[in-house]
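**Q** Quick one: the structure is below, questions incoming.
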């Protein structure tokens with residue numbers, strides 16, 4: 001993740017500075033000339049466990065190496081609710097229409113400075129992928145394997161609601177899968 005170097009208000013350099021804030025001293029990137037502070041707050045990301053009939057759709061992003069399949073995800077946009085956002089993302093990325101949504105949970109993904117808001121989405125229609133995605137597969141819920149971070153925890157929580165004990169891939173399996181072509 002790129003680090004900001006200049007102030008967006010006055011173009012002066014930013015520097016790590018420690019100042020007293022509510023709750024104590026906090027080190028943040030701050031402008032050396034004006035009062036600007038780069039807060040670096042987490043970005044909200046939406047994730048959908050997309051169910052069509054009795055199966056779960058996972059897709060592979062065009063930018064990924066290997067053959068990793070994952071939940072449908074995307075950024076929430078200004079002016080929309082999380083529910084509107086995930087329904088939009090599912091429609092944009094798969095051409096499927098969401099018929100019902102249920103919040104699964106909220107998960108931190110600190111490695112990417114994100115907060116993931118995950119939903120179980122029932123959807124219908126014919127899958128037609130956006131250029132962002134290159135491949136999809138349907139899985140029976142009991143076949144799903146969760147990765148040990150972010151959306152994997154959301155999937156595990158949803159599986160438990162289906163009386164399915166989640167299985168997690170090991171980091172070694174994840175690395176081998178990312179090398180697999």
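**Q** Confirm whether residue 115 is touching a strand residue (DSSP E or B) at 6+ places or on another chain (Cβ under 6 Å), outside the structural domain of residue 12 (by TED's automatic domain parsing), over 30 Å from residue 11 (Cα atoms) and not in a helix (DSSP H, G or I).
**A** On the way: touching a strand residue (DSSP E or B) at 6+ places or on another chain (Cβ under 6 Å): yes; outside the structural domain of residue 12 (by TED's automatic domain parsing): yes; over 30 Å from residue 11 (Cα atoms): no; not in a helix (DSSP H, G or I): yes.
Taking the combined requirement at face value, the residue does not satisfy it.
**Q** If a residue has to be closer than 14 Å to residue 44 by Cβ, surrounded by 14 or more Cβ atoms within 10 Å (Cβ to Cβ) and in contact with a helix residue (DSSP H, G or I) (Cβ under 8 Å, 6 or more places away or on another chain) to count, how many in the range 72-104 make the cut?
**A** Filtering the range 72-104 down to residues closer than 14 Å to residue 44 by Cβ leaves 73-86, 88-89, 103.
Going one step further and asking which of them are surrounded by 14 or more Cβ atoms within 10 Å (Cβ to Cβ), we end up with 73-74, 76, 82-86, 88-89.
So of that shortlist, the ones also in contact with a helix residue (DSSP H, G or I) (Cβ under 8 Å, 6 or more places away or on another chain) come out as 73-74, 76.
Count: 3.
**Q** Of all residues in the range 45-72, which are more than 17 Å from the chain's Cα centre (by Cα) and in a loop (DSSP other than H, G, I, E, B)?
**A** Answer for the range 45-72, where residues must be more than 17 Å from the chain's Cα centre (by Cα) and in a loop (DSSP other than H, G, I, E, B): 53, 54, 65, 66, 67.
**Q** Looking only at residues in the range 53-62 that are out of contact with any helix residue (DSSP H, G or I) (no Cβ under 9 Å at 6 or more places or on another chain) and in contact (Cβ under 8 Å) with a residue 24 or more places away in the chain, which one is surrounded by the most Cβ atoms within 10 Å (Cβ to Cβ)? If you could, list the steps in order and put the result at the bottom.
**A** To start, the set of residues in the range 53-62 that are out of contact with any helix residue (DSSP H, G or I) (no Cβ under 9 Å at 6 or more places or on another chain) comprises 53, 58, 60-62.
If we keep only those that are in contact (Cβ under 8 Å) with a residue 24 or more places away in the chain too, we end up with 58, 60-62.
On the way: 58: 19, 60: 17, 61: 14, 62: 12.
In this case the residue turns out to be 58.
**Q** Can you find, within the range 126-146, the residue that is surrounded by the most Cβ atoms within 10 Å (Cβ to Cβ) among those that are touching a strand residue (DSSP E or B) at 6+ places or on another chain (Cβ under 9 Å) and part of a loop (DSSP other than H, G, I, E, B)?
**A** Filtering first and then ranking leaves 144.
**Q** Can residue 23 be described as surrounded by fewer than 17 Cβ atoms within 10 Å (Cβ to Cβ) and either within 19 Å of residue 139 (Cα to Cα) or in contact (Cβ under 8 Å) with a residue 40 or more places away in the chain (or both)? Give the derivation first.
**A** Numbers: surrounded by fewer than 17 Cβ atoms within 10 Å (Cβ to Cβ): yes; either within 19 Å of residue 139 (Cα to Cα) or in contact (Cβ under 8 Å) with a residue 40 or more places away in the chain (or both): no.
Judged against the criteria, residue 23 is not a match.
The values are calculated or read from the model by the stated rules, or taken from the named source; none is laboratory data. For clarity, every value in this text was computed on a predicted model and none was experimentally measured. Don't worry about glycine lacking a Cβ; one is built from the backbone with ideal geometry, like all the others, and counts go over all protein chains shown.
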